[in-house]
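J.: One structure follows; several queries about it will come next.
The values are calculated or read from the model by the stated rules, or taken from the named source; none is laboratory data. No experiment lies behind these values; they were computed from the predicted model shown. Reconstructed Cβ throughout: ideal geometry from the backbone, glycine too, with neighbour counts over all protein chains shown.
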């Protein structure tokens, strides 16, 4: 039967072959023009770029398959046989590229749920960066030091995702160390004045400055400041510099790490020294007495 079908294809007239080639040629051009129009319409709308790429690629593949099947029908090739062959071929490929299929499936889910969009600064697992592109099989990140990371969508989907641009504002949590002899109220007031003087720090909610902890070598002052998400790093460095200058102006000491030895430890050391001296004297006296007895 297969030989007969092949002979039937080869016996086609020139008009049928010309029609096949013409349909294939104009079909490809029509698909290209339609895809350009579809992409332009989607870009004009508020649809995310990742969705645009997925939709255009999917529609292009479907139209190409329909065109090929239609052209084969012009040559009187049984479509049922072609579909069976394509199905078997698809199953074989699917078994060979299971990981790729998982990446595509997870990519589709993320496109639908939209945990992030192109341009967002995110943390995926231990990786941080700005989303450059969301593809069907992987996600492209651009890090702060200008490295490009390409993460498989399956890894992205199963990782902990932190999106720093979802909310318009963020809170910066900073701690500053001051000496134990410092007037804590004065230090808190100086820290608050420095934070509120920064242009990137929002007035509402107002910064909150409190005594956070009593560490081994210093008192820790906590500063919670609200800023616009896009100004995070600029605000971070601005607040650090402002607090440092405020501490210098108010003679607030930032201590080094210290180790304090208590008198109890010194007393224990003195007792040990006394015991060693007493033991040495006892040994010396015993030796002297032994020598006298021998004489």
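J.: Taking the criterion of being part of a strand (DSSP E or B) and either in contact with a helix residue (DSSP H, G or I) (Cβ under 7 Å, 6 or more places away or on another chain) or surrounded by 15 or more Cβ atoms within 10 Å (Cβ to Cβ) (or both), would at least one residue in segment 192-199 satisfy it?
T.: No, segment 192-199 contains no residue that is part of a strand (DSSP E or B) and either in contact with a helix residue (DSSP H, G or I) (Cβ under 7 Å, 6 or more places away or on another chain) or surrounded by 15 or more Cβ atoms within 10 Å (Cβ to Cβ) (or both).
J.: Sort out for me the helices (runs of 4 or more DSSP H) sitting completely within segment 44-116 that have 2 or more residues that are over 32 Å from the mean Cα position of the chain (by Cα) and modelled with pLDDT of 75 or more.
T.: Correct list: 49-74.
J.: Still on this structure, I have one more. Enumerate the pairs (first residue in segment 187-215 and not assigned by TED's automatic domain parsing to the domain that holds residue 238; second residue anywhere and assigned to a helix (DSSP H, G or I)) with beta-carbon separation below 9 Å, excluding pairs fewer than 6 apart on the same chain, so at least 6 apart or on different chains.
T.: So the pair list comes out empty.
J.: Okay, next question. Please go through segment 124-134 and give me each residue that is within 11 Å of residue 156 (Cβ to Cβ) and surrounded by 15 or more Cβ atoms within 10 Å (Cβ to Cβ), ordered by number.
T.: 124, 127, 131, 134
J.: Something else: Please go through segment 117-143 and give me each residue that is touching a helix residue (DSSP H, G or I) at 6+ places or on another chain (Cβ under 8 Å) and in a loop (DSSP other than H, G, I, E, B), ordered by number.
T.: 117, 118, 125, 135, 136, 137 - these are the residues of segment 117-143 that are touching a helix residue (DSSP H, G or I) at 6+ places or on another chain (Cβ under 8 Å) and in a loop (DSSP other than H, G, I, E, B).
J.: Within segment 208-223, which residues are touching a helix residue (DSSP H, G or I) at 6+ places or on another chain (Cβ under 9 Å) and surrounded by fewer than 16 Cβ atoms within 10 Å (Cβ to Cβ)?
T.: Hits for segment 208-223 are 208, 210, 211.
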